[in-house]
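First up is the structure itself, then whatever we jot down about it.
The values are calculated or read from the model by the stated rules, or taken from the named source; none is laboratory data. On a predicted model such as this, the values are computed, not experimentally measured, just so you know. In this analysis, Cβ positions are derived from the backbone assuming ideal geometry, glycine residues included, and neighbour counts consider all displayed protein chains. Calculation scope for accessible area: heavy atoms of the full protein, side chains included, ligands and nucleic acids excluded. Shrake-Rupley method; radii C 1.70, N 1.55, O 1.52, S 1.80 Å.
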Amino acid sequence: LGTVSFHWTDAGRLEAYTSDPADQREIMVQFWYPAEPAPGAEPAPWMERLDVAGPAIARYLRLPDFILDHTGLIRTHAYPEAPLAAAEPRYPVILYSHGWNGFRTTNLDEVEALASRGYVVVTIDHTYGAMLTVFPGGRVVLNQPDALPADDIPEAEAQPLREQLVGTYAGDLRFVLDQLERLDRGAVEGPFAGRLDLERVGLFGHSTGGGAVALACSQDPRCRAGVGLDAWLVPVPEAALDAGLAQPFLFLWSEVWSSARNDERFARLIPQLRGDFRSVTIRGTRHYDFTLLPLLSPLAPALGLKGPLAGARVMQIVDDYLTAFFDQSLKGRPTPLCVGPAAGYPEVVYELP
C-alpha cells in the first residue's frame, strides 16, 4: 500500500471552535491506496508526533502517560508517497470519519483491509473533535472539550452543540468529496489525477463519525454506500433522520454500548432507509472494539474498553464485513455475509431486516 497526506483549508467555512471569527476550517487528510513501493522503501509510522499523541491517548484511556511509549514501534503496511498501482485504471473511493476524541488512524486495520482490496481510502482528522491534529511545521491542535457538551448541561443547550459537532464532521466529509473531484481533474496536485472512480464512493465512520456519515449521506448523493460502526445518531438532526437514506447501508453494533435515546433515533430512521440495509450486532464486543485502542494495552478489558471477544477476532469480523459490504455495494460482487447469518461468524447476529 501507499500513503500520502494533505493539509486542506475549506475557504467556504469558518471555524466554529476558535476565538478568531476569521479562521477558516482546516483539516488533515491521509490517503491509503494500492501501490507499487520502490525497493528498500520504509513503511509509514502509525501516528505522527507520538510524543504528544502517546500521552494524550494514555490519559484518554485512563492510563499513565508512559504506558503507550511502545506504540512508537508500530509501522503500517503503507509506504509514503509510493506510486499508485497500475492494476486498475480507476479505483473506487471510501472516506473514513473517526469518533469523538479519535484520529485518522484509529481504525487503521479497517482502512488497510479496504485499501488492500482495491480502494483508495481517505481518512480525516476532524480538527478539534479529534484527539489531536498535527499540521505541517509541527503545529499541534488538541481536542476542544467544549465542542461536546457535558452531561449536566440543559438539553435545550446541549442538543444544538451536538448537532454543530456532527454537522462539522459531515461538512468535512462533503468538503473532501469536493476535493476528490478537484484531485481527479488535476486541479489539486497529487498522484490521483484521472485515477479516482467517483461514481463509486462509500463512507464509513465510528460513533460520532458514524452519525456524521449518516448525515452526510442524507445530504449528498455522491455517497453511494455507507457504514456506521456504533453510529451515534443522537446529534443527527431530526429532519435528516426523517429524510432518511437512499443508499445501501450497514449498521454494525457492539453488544454493550447503545443508549435508549440512540436506539430511539435509530428506530426513527429505520422506516426511512430506502436502500438495501442491514443492522448487525457482534456479540462479546464493546464500543471501542471497533477501533485499535483496546489492542494498545492488556489493561483494556479491566478498564471496560473492550468486551470478552478476542481483539484479533473482532478485527477479522469487522474487516470481513466492511470489505464484503463495500464490494457488494460499490463493485457489484454479491456476498453471503450481506444476506444473513453466516456459519463462520457465530458472533454476528442479524437484527434487521
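Structure summary
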read-out	value
Share of carbon and sulfur in the accessible heavy-atom surface of the stretch 218-353 [1.4 Å probe, %]	58
Charge dipole of the chain about the Cα centre (unit charges at C-beta), most positive-ward option of SER207, PRO83, ALA342	ALA342
Packing rank of 43-52, 117-126, where each peptide gets the mean count of other beta carbons within 10 Å, highest leading	117-126, 43-52
Alpha-carbon centroid distance for the pair the stretch 150-207 / the stretch 285-353, whole angstrom	24
For the stretch 167-293, the spread of Cα positions along each principal axis, largest first, Å	47, 34, 26
Heavy atoms of GLU255: accessible area, 1.4 Å probe, square angstrom to 10	100
Estimated distance in nm for a label pair at THR335 and ALA16, the labels positioned 7 Å out from Cα along Cα-to-Cβ	3.3
Å² of accessible area per residue within the stretch 240-302, as computed with a 1.4 Å probe and no ligands counted	42
Rounded accessible area per residue of the stretch 67-181, 1.4 Å, Å²	38
Range of Cα positions in the stretch 213-265 per principal axis (Å), largest first	32, 21, 12
Shape of the chain, Cα gyration tensor, a/c cut at 1.5	rounded
Surface share of carbon and sulfur [accessible, 1.4 angstrom probe, percent] for the stretch 11-64	55
Relative compactness, the stretch 66-108, computed as alpha-carbon Rg over 2.2 N^0.38 Å	1.62
CD proxy at 222 nm, helix term only [per DSSP H run n ≥ 4: -39500 (n - 2.57); per residue of the chain; nearest 500]	-9000 deg cm²/dmol
For THR3, distant residues with modelled amide H under 5 Å away	TYR79, GLU81, ALA82
Principal axis dimensions, largest first and in whole angstrom, of the stretch 211-353 by Cα	42, 34, 23
Inter-label distance for GLU347 and ALA86, nm, one decimal - labels placed 7 Å from Cα along Cα-to-Cβ	4.1
Radius ratio Rg over Rh of the stretch 40-146, counting only Cα atoms, Kirkwood formula for Rh	1.00
Protection proxy ranking of 218-230, 333-345, 92-104 - average other beta-carbon atoms within 10 Å, highest first	92-104, 218-230, 333-345
Inter-site label distance for VAL188 and TYR60 at 7 Å from Cα along Cβ, in nm	2.3
Cα-centred dipole magnitude for the stretch 197-274, charges only on beta-carbon of K, R (+1) and D, E (-1), debye, nearest 20	140
Fraction in percent of alpha-carbon pairs per bin - 5 Å, the stretch 1-73	3, 12, 14, 13, 15, 18, 14, 8, 2, 0
Positive-end residue of GLY167, ASN143, THR105, charge dipole of the stretch 92-197 with Cβ unit charges	THR105
